[in-house]
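*Asks:* Below is one structure. I have some questions about it.
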Amino acid sequence: MYILLLLVSFLSALQYCVAATASEWRGRSIYQIMTDRFARSDGSSTAPCDPNDRVYCGGTWIGIINQLPYIQRMGFTAIWISPVSEQLSGNTYEGYAYHGYWTKDLYALNSNFGTEQDLKDLVDAVHNLGMYIMVDIVMNHFANKGEHIDYSVLRPFNEQRFYHPLCNIDWGNQSSIEHCWMGNGYVALPDCNTEDPYVVETLIQYTIYLVSTFKIDGLRLDAARNIRKSFWADFSKRVGVYCQGEVWSGEPDIICPYQGYMDGLHNYPVKESATRALTTSNGNMGELSYIPGKMQERCKDVTLFGTFMENHDNPRMASLTTDMSRLKNTAVMSILPDGIPIVFYGQEQALTGANDPANRQALWPTRYSDNELVSTFTLLNQLRNFLGESYTTVLGRWSLVSNSVVSMHKGPVMVVLTNSGKGVSTDADIVGLDAYSDLVDVMTCQEVRCDGTGKVKITLNGDPMVLCPKSILSGSGICGM
Ligand SMILES: *[C@@H]1O[C@H](CO)[C@@H](O)[C@H](O)[C@H]1NC(C)=O
């Protein structure tokens, strides 16, 4: 008995060491992978994949293992992978379940992505590189083809009584969002009855099993807004790892309250305002300078949010603008604002897909090659990783500099963004720096000097500027320092 107790406390101590907390995630930078589309086991760069076909294209966990060096070279310190559970099989009017959001059996793995050993090998490979792994989980619903739902094939909830009665979501009504069903007549998404204590306990036990069996460091909570907030409070406490939820809303007042129940959320308000502001020369820079501050004011801790510009549900940046300078501004916007950066696979290769499913192209035709955006992401991660907590724990202060220029002063760094486009010359006065300090634009290694009032006059050429005091860069390797 005593030995057993020792063993149990040893195992829980071990689990504690492995699981990563919110504050450990704060300093990380995440590369988001859609497993089916990132890399194949055979290393092919020619295997066909038309995202509009909505079929499995052959990406696997082994494929990810083989391309981890590509991810790490860009300075990312964590990956987020697609849901891992077994999916509804075969074709539907909306294609195959290659994305992983149509669960059939929670406990079984999606064999298209590999075996149990492959997933364990992936986690080990990630950990051996000092990186974290986040897994996307779907607690809100299961999936079934057609109108006549065969509950008996769903695991572990194989009877109708485990689900809410069928109704269609009215997105203007939070109770309806929580109790009704997503999906449509072609692929039904039976909505788990997450008020039922048995269902709740089963979902928590499953997630504890997932995290401990596969040594998962963090979770991405799909459709978090579709389950009552109080469910997530108990859930995130008991699963014991950092949880970042999806509440798809541009409204700080809708998103922020959820942080009382989980560690962080995707920062949709900042993403949406930045997309509108930075992808066209008449974008609203005033809104971009205002929304981040509103998020700071309304949310508990925006430094634990996920900062992103692309994901599997939204048009790629390169579908909205082909201007390389604007794309670089959106790259800076993905990495340097408050929060944990999340870069959707292929953003660094300027993939051009617009809405789902076009935004889910295979990455292998790019051959994971170097280019200007890859260098930009590498540099930005290098800077953020080097500065560490002196950067990630302080809040950015945003200002509208002119109709086409905003600045963000965060810790020692002054970021200047513009939507003017490549080659357009724009003068700007940036204020609030230390008097007479020597600064380096880490994007170009060009040096500038502040005047006695802490002001610097700069001329942008469409590219973003990331101004750092020269004194803090020594030892960073940036600009040869
Ligand atoms: C909101 O949705 C709930 C659950 O479907 C429903 O009972 C209620 O009547 C709806 N309220 C309004 C104002 O439509």
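The values are calculated or read from the model by the stated rules, or taken from the named source; none is laboratory data. From a predicted model like this one, the values you see are computed outputs, not experimental measurements. Cβ placement follows ideal geometry from the backbone for every residue including glycine, while neighbour counts extend to all protein chains displayed. Just so you know, the surface numbers come from the protein's heavy atoms only, side chains and all, with ligands and any DNA or RNA stripped out. Shrake-Rupley method; radii C 1.70, N 1.55, O 1.52, S 1.80 Å.
*Asks:* Mind checking the angle between helix 285-298 and the chain's longest principal axis? C-alpha axes, 0 to 90 degrees, to the nearest 10.
*Replies:* Taking the Cα atoms of the chain, the angle to 285-298 is about 60 degrees.
*Asks:* Now for a separate question. Could you tell me which residue out of Pro165, Ile208, Ser175 lies farthest along the dipole of region 151-232 toward its positive end? Charges go on the beta carbon: Lys and Arg +1, Asp and Glu -1, centred on the Cα centre.
*Replies:* Result: Ile208, furthest along the dipole toward the positive end.
*Asks:* Pop out the carbon and sulfur fraction of the accessible area of region 101-225 as a percent, whole number, probe 1.4 Å.
*Replies:* Working: 2520 of 5030 Å².
Of all accessible area on region 101-225, carbon and sulfur atoms account for 50 percent.
*Asks:* Cross-link list Lys294/Lys457; Lys215/Lys470; Lys104/Lys237: which exceed 31 angstrom alpha carbon to alpha carbon?
*Replies:* Table pairs above 31 Å Cα-Cα are Lys215/Lys470.
*Asks:* Follow-up. Between Ile208 and Asn403, what FRET efficiency comes out of the Förster formula 1/(1 + (r/R0)^6) with R0 = 60 Å and r the beta carbon distance, rounded to 0.05?
*Replies:* Details: r = 52 Å, r/R0 = 0.86.
Result of the calculation: an efficiency of 0.70.
*Asks:* Follow-up question, since we're still on this one. If you take every residue apart from Lys215 with its C-beta less than 11 Å away from the C-beta of Lys215, what net charge results, scoring Lys and Arg +1 and Asp and Glu -1?
*Replies:* Residues close to Lys215 contribute a combined charge of -1.
*Asks:* Oh, and also: I need the peptides 31-41, 195-205 ranked by packing, meaning the mean over residues of other C-beta atoms within 10 angstrom, with the highest value on top.
*Replies:* On the way: 31-41: 25.2, 195-205: 15.4.
Highest mean packing first, the order is 31-41, 195-205.
*Asks:* Continuing with the same structure: State in Å² the accessible area per residue of region 2-394; use a 1.4 Å probe, count heavy atoms of protein chains only, and round to the nearest integer.
*Replies:* Numbers: 14540 Å² over 393 residues.
With the other protein chains kept in place, region 2-394 gives 37 Å² per residue.
*Asks:* Right, here's the next one. Any chance you could check the Cα centroid distance between region 98-128 and region 291-363 for me, in angstrom?
*Replies:* 25
*Asks:* Got the relative contact order for region 2-394 handy, in percent, Cα pairs under 8 Å and 6 or more residues apart? Spell out each step's value before the answer.
*Replies:* Numbers: 773 pairs, mean separation 73.6, N = 393.
Relative CO of region 2-394 lands at 19 percent.
*Asks:* Considering only protein heavy atoms and a 1.4 Å probe, what is the carbon-and-sulfur percentage of the accessible area of region 337-460?
*Replies:* On the way: 2410 of 4930 Å².
The computed percentage sits at 49.
*Asks:* Still on this model: At 222 nm, what helix-only mean residue ellipticity would the chain give, in deg cm²/dmol to the nearest 500, using -39500 (n - 2.57) for each DSSP H run of four or more? Could you put the intermediate results ahead of the total?
*Replies:* On the way: 15 runs with 152 residues, N = 481.
That comes out to -9500 deg cm²/dmol.
*Asks:* Here's another thing I want to ask about it. Would you tell me the accessible area of Phe142, worked out with a 1.4 angstrom probe on the heavy atoms of the protein chains, in Å² to the nearest 10?
*Replies:* Near enough 0 Å² of accessible area.
*Asks:* Here is a follow-up. Taking the Cα centre of the chain as origin, work out the dipole magnitude from +1 charges on Lys and Arg Cβ and -1 charges on Asp and Glu Cβ, in debye rounded to 20. Each step should come with its number before you reach the end.
*Replies:* On the way: 36 positive and 50 negative charges, 148 e Å.
Result for the chain is approximately 720 debye, rounded to the nearest 20.
*Asks:* Let me ask another. Would you work out the charge dipole size for region 340-481 about its Cα centre, treating the Cβ of every Lys and Arg as +1 and the Cβ of every Asp and Glu as -1, and quote it to the nearest 20 debye?
*Replies:* So the dipole magnitude of region 340-481 works out to roughly 160 debye.
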